[in-house]
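Readers should treat all values here as calculations from the given coordinates under stated rules, not as data from a laboratory. Owing to the predicted nature of the structure, the values given are computational and were not obtained by experimental measurement. Heads up, the Cβs are rebuilt from the backbone with ideal geometry, glycines too, and the neighbour counts pull from every protein chain shown.
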Amino acid sequence: MGLGGSGPTHNYSRPMRIVVLTGAGISAESGVPTFRDSDGLWEGHHVEEVATPEGYDADPVLVHEFYDARRRALQKVEPNPAHDALARLEQAVGEDLVVVTQNIDDLHERAGSHHVVHMHGELLSALCRACGSRHCWDGDLSGRPACPGCGVRELRPDVVWFGEMPHEMERIYRAIDDADLFVSVGTSGAVYPAAGFVIEARAHGVQTLELNLEPSEGTAFFDEARHGRAGVLVPAWVNELLTRL
Ligand code: BV8
């Protein structure tokens, strides 16, 4: 395939199936803080306080304020060239590209991507703990608004907290197992099960590529790794791929 990697090559007799996993690093250049970088989101907050069901039960106001602030900040940022490049790739290959994101922002969709799986949930959605219904939500939740479905004041951020099962795991594993290429963009590889996807891909003979500012915790498992800013690496990789497709 000439992507430099020594892994399996793709014969272009059929469309190439691609899974792209994204993390906070792809939204960093849009001004969305990452988690572990020096000024990261977890700085100042203990993960178990703001991103666990137990933390929510212990202090829902603290947790709502944490997510209300991120929801407000989201409305002040825009997609960057890395998001735009993946939307362009989707235009070229359609359903043969699936973007699996750990991010709860909506920047992939705002860039024009449609086949996006939010495995850790979405900031612009509220989940009712009483009736289980989900509602598009761009306002605050700290005021404990009533659920539009059942009227009970039990709306929580519709995000996957530590200890909770990520969304659409079967669909994700199926897409990885059937893929020709697995690309990881802007993730430190510190949080599971996402951090284990490269292993799953390798186990199914899928070519693997890391695009990240620095080597991730799982960098050794990738056939090829390119380090630098997503806003540069992703458009360059997409241009390279589109010349081949
Ligand atoms: C679960 C939503 C049961 C909320 C999040 C196995 C081993 C050890 C532990 C576990 C294990 N399995 C499960 C666990 C426990 C836990 C876990 O992984 N703990 C860790 C801390 C060890 N996992 C869970 O609890 C998960 N649930 O396991 O359920 C289960 C599941 C499946 C099957 C059976 C049972 C649920 C985890 C989800 C938690 N929710 N987010 C919110 O956002 O507030 S996690 C959250 O943190 C993000 O979604 C993301 O996943 C993670 C942050 O990671 P990144 O996105 O990678 O961000 P980070 O800042 O770390 O790194 C940024 C990277 O970008 C860096 O490398 C940097 O260099 C790079 N970068 C920066 N700028 C740029 C850049 N790259 C390119 N360009 C740039 N400009």
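Gyration tensor analysis over the Cα atoms of the stretch 78-225 returns equivalent ellipsoid semi-axes of 31, 17, 14 Å (largest first, whole Å).
What residue among H118, H46, H227 shows peak mean-square fluctuation when the chain is described by a Gaussian network model with Cα springs under 10 Å? With Cα springs under 10 Å in the chain, the top fluctuation among H118, H46, H227 is at H46.
The string of couplings for the stretch 99-115 from the Karplus curve (6.51, -1.76, 1.60, θ = phi - 60°) is 9, 9, 10, 7, 7, 9, 7, 10, 6, 4, 5, 5, 7, x, 7, 10, 8 Hz, one whole number per residue in order, with x for Gly and Pro. Only helices enter the 222 nm calculation for the chain: every DSSP H run of n ≥ 4 contributes -39,500 (n - 2.57), and dividing by all residues gives -8500 deg cm²/dmol, rounded to 500. Distances between placed amide hydrogens fall under 5 Å for M119 paired with T101, all partners being 5 or more residues away or on another chain.
Taking a ≥ b ≥ c as the square roots of the eigenvalues of the Cα gyration tensor of the stretch 129-171, is the shape rounded (a/c under 1.5), prolate (a/b larger than b/c) or oblate?
Prolate, because a/c is 1.5 or more and a/b exceeds b/c.
Among M169, M16, a tally of other beta-carbon atoms within 10 Å of each Cβ gives an order, fewest to most, of M169, M16.
With the cut-off at 1.5 for a/c, could you classify the stretch 62-130 from its C-alpha gyration tensor as rounded, prolate or oblate? Oblate is the answer for the stretch 62-130, as a/c is 1.5 or above yet b/c matches or exceeds a/b. In terms of the Cα gyration tensor, with a ≥ b ≥ c the square roots of its eigenvalues, is the stretch 180-234 rounded because a/c is under 1.5, prolate because a/b exceeds b/c, or oblate? Judged from the Cα gyration tensor, the stretch 180-234 comes out oblate (a/c at least 1.5, b/c at or above a/b). Couplings 3J(HN,Hα) for the stretch 172-184, derived from phi with the Karplus relation 6.51 cos²θ - 1.76 cosθ + 1.60 (θ = phi - 60°), are 5, 5, 4, 4, 5, 4, 8, 7, 9, 9, 10, 10, 10 Hz, where x marks Gly and Pro.
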